[in-house]
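Visitor: Can you keep this structure in mind? I'll have questions shortly.
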Amino acid sequence: MKRIAFFDLKDQPVIYVMEKNGGDFVLRETVPVIAKDTGAYGVEGALGHVDETYLSLPLAYLNFRILELPFSDMGKIREVLPFELDGLILGGSEKIVFDACILEEGKESHKVLAVYVRKDLLKAVLDGLKAMGIDAKVVTSVEMALALGSFSSGDGITKLALDQGRQQGSKEERVRAAAKEVQTPAINLRRGDFAYTGDDRKKKKALRVTQVLALLLCAVFLSDASLKIVSAKRESSVIKEEIGRSYANVFPNEGKAADELYQLRAHLKELKDKQGAFSGMAPLQTLLGLSSAGGQGIVFTEVIIDKDRIIIKGECPSLADAQRLKGNLDRFLTGVGITDTRISAQNRMAFTITAKGEKI
């Protein structure tokens with residue numbers, strides 16, 4: 001629940017401690033304030049935690065001017081007030097803090113009440129509050145709010161000037177006015193050099209906390225990442241040593257290899273190049289088949305067995321013997337054909353027979 005301390009600076013200063021109940025602020029306790037000779041203030045007892053502090057200045061501290069301006073926008077009014085007040089205030093607008101509120105709105109012009117306080121006076125009050133740990137968010141005036149509610153014409157400014165001592169109101173009236181000022185201040189003299197910076201400090205503090213948490217989170221993340229990297233490096237080193245030992249066991253005559261993976265790839269390439277000599281045919285089985293297929297007078301002079309074909313060269317007594325040999329080979333070989341026949345120097349039939357491979 002939001003807790004507000006409303007510092008009412010009057011003859012006997014008090015602090016109204018209010019809490020929000022529904023949509024309104026209600027009084028919870030009244031804390032007496034002690035004004036010290038040093039200009040600081042103190043409280044009788046403990047004030048407790050409060051979320052925000054408001055300050056009400058008495059009418060005696062304030063000065064007023066009524067101006068007629070062609071617009072009612074408060075932003076524009078605050079922009080032109082220094083120029084309007086320069087010619088009306090001794091010393092100019094540099095020595096005052098001011099704000100304004102609309103008194104009457106007309107068709108072509110609007111009556112504006114300019115409210116101002118001397119900078120040195122406001123500084124003394126705010127410094128006194130800081131001594132007790134209070135930094136008022138808004139500086140307004142309960143007495144001015146009560147006075148504004150009691151008149152409805154331009155002569156009210158005279159009443160503000162003359163009835164300062166009679167506009168204090170009862171405690172109940174001041175508390176009700178303070179509750180309204182908390183929700184919608186009639187004026188706020190914390191402007192310019194005296195602008196409230198507490199919210200900015202809170203944001204900066206929250207930002208610093210967020211930055212610290214972010215840095216801690218980054219530190220935790222980096223620590224975790226570093227541990228994972230170290231662990232991965234150790235695991236990689238163990239795996240590399242194991243690869244080295246395995247490679248040495250497979251190729252004991254090569255000694256220590258500089259790059260086991262590169263060397264292994266080279267061996268695989270070499271094996272692939274020699275694959276034709278070790279796959280696709282069963283040389284012994286083929287030779288046994290040739291010995292059984294041959295007959296009397298048939299001589300094999302050359303047998304070439306590779307992955308994709310078999311080439312058989314030899315001599316026989318006649319072409320009929322070569323045809324008979326082809327028929328015998330057809331029983332266990334595929335794609336058998338006589339590709340070449342000729343008469344040799346010994347008056348024998350030289351032949352070349354090719355086959356694709358053994359029958360499965």
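The values are calculated or read from the model by the stated rules, or taken from the named source; none is laboratory data. All values reported here derive from a predicted model rather than from experimental measurement. Glycine also receives a Cβ, built like all others from the backbone with ideal geometry; neighbour counts cover every protein chain displayed. These accessible areas exclude ligands, DNA and RNA; they are computed on the full protein's heavy atoms, side chains included. Shrake-Rupley method; radii C 1.70, N 1.55, O 1.52, S 1.80 Å.
Visitor: Let me check I've understood the local charge: for ASP99, count other residues with C-beta under 10 angstrom from its C-beta, Lys and Arg +1, Asp and Glu -1. What total comes out? Present the calculation step by step, with values, prior to reporting the outcome.
Guide: Values: positive: ARG78, ARG190, ARG191; negative: none.
Taking every Cβ under 10 Å from that of ASP99, the sum is +3.
Visitor: About the Cα centre of the stretch 1-107, what is the dipole size in debye to 20, counting +1 per Lys and Arg Cβ and -1 per Asp and Glu Cβ, all else neutral? Intermediate results must be reported in sequence, preceding the final value.
Guide: Numbers: 11 positive and 18 negative charges, 36 e Å.
In total the dipole reaches around 180 debye.
Visitor: Once the other residues with Cβ under 12 Å from the Cβ of PHE71 are scored (Lys, Arg +1; Asp, Glu -1), what is the net sum? Write down the numbers at each step before the final one.
Guide: Details: positive: LYS76, ARG78; negative: GLU68, ASP73, GLU79, GLU105, GLU108.
It works out to a net charge of -3.
Visitor: How much of the accessible area of the stretch 88-136, in percent, comes from carbon and sulfur atoms when a 1.4 Å probe is used?
Guide: Accessible surface attributable to carbon and sulfur in the stretch 88-136 totals 51 percent.
Visitor: Report, in deg cm²/dmol and to the nearest 500, the calculated mean residue ellipticity at 222 nm for the chain, where each DSSP H run with n ≥ 4 adds -39500 (n - 2.57) and the sum is divided by the residue count. Intermediate results must be reported in sequence, preceding the final value.
Guide: Details: 10 runs with 146 residues, N = 360.
It lands at -13000 deg cm²/dmol.
Visitor: In whole angstrom, how far apart do the alpha carbon centroids of the stretch 118-143 and the stretch 66-106 sit?
Guide: The two parts, judged by their Cα centres, are 22 Å apart.
Visitor: Continuing with this model, one more query. Taking the structure as given and computing percent of Cα pairs over 38 Å apart, which label from [x] 23; [y] 58; [z] 48 fits?
Guide: For percent of Cα pairs over 38 Å apart, the calculated option is [y].
Visitor: Which of LYS240/LYS272; LYS10/LYS107; LYS269/LYS307; LYS76/LYS123 have a Cα-Cα distance over 29 Å? Walk me through the intermediate numbers first.
Guide: Working: LYS240/LYS272 26 Å; LYS10/LYS107 39 Å; LYS269/LYS307 17 Å; LYS76/LYS123 26 Å.
Listed pairs above 29 Å: LYS10/LYS107.
Visitor: Around GLY314, with a cut-off of 11 angstrom between Cβ atoms, what is the net charge of the other residues, counting Lys and Arg +1 and Asp and Glu -1? Don't skip to the end; give the middle numbers.
Guide: Values: positive: LYS313, ARG348; negative: GLU302, GLU315, ASP321.
The answer is -1.
Visitor: Let me know the shape class of the stretch 1-81, please: from the alpha-carbon gyration tensor, a ≥ b ≥ c as square roots of the eigenvalues, rounded when a/c is under 1.5, otherwise prolate if a/b is greater than b/c, or oblate.
Guide: Working: a/c = 3.08, a/b = 1.54, b/c = 2.00.
Since a/c reaches 1.5 but b/c is at least a/b, the shape of the stretch 1-81 is classed as oblate.
Visitor: Once the mean 1/r over all distinct Cα pairs of the stretch 223-263 is inverted, what Kirkwood radius in angstroms do you read off? Let's see the in-between values first.
Guide: Numbers: mean 1/r = 0.0870 Å⁻¹.
Computed over the stretch 223-263, the radius equals 11.5 Å.
Visitor: Of LEU319, LEU90, which has the most accessible area with a 1.4 Å probe, and how do the rest follow in descending order?
Guide: On the way: LEU319 80, LEU90 170 Å².
Highest to lowest solvent-accessible surface, that is LEU90, LEU319.
Visitor: Moving to a separate point now. Give the accessible surface of the chain per residue, rounded to a whole number of Å², with probe radius 1.4 Å and ligands, DNA and RNA excluded.
Guide: Details: 22050 Å² over 360 residues.
On a per-residue basis, 61 Å².
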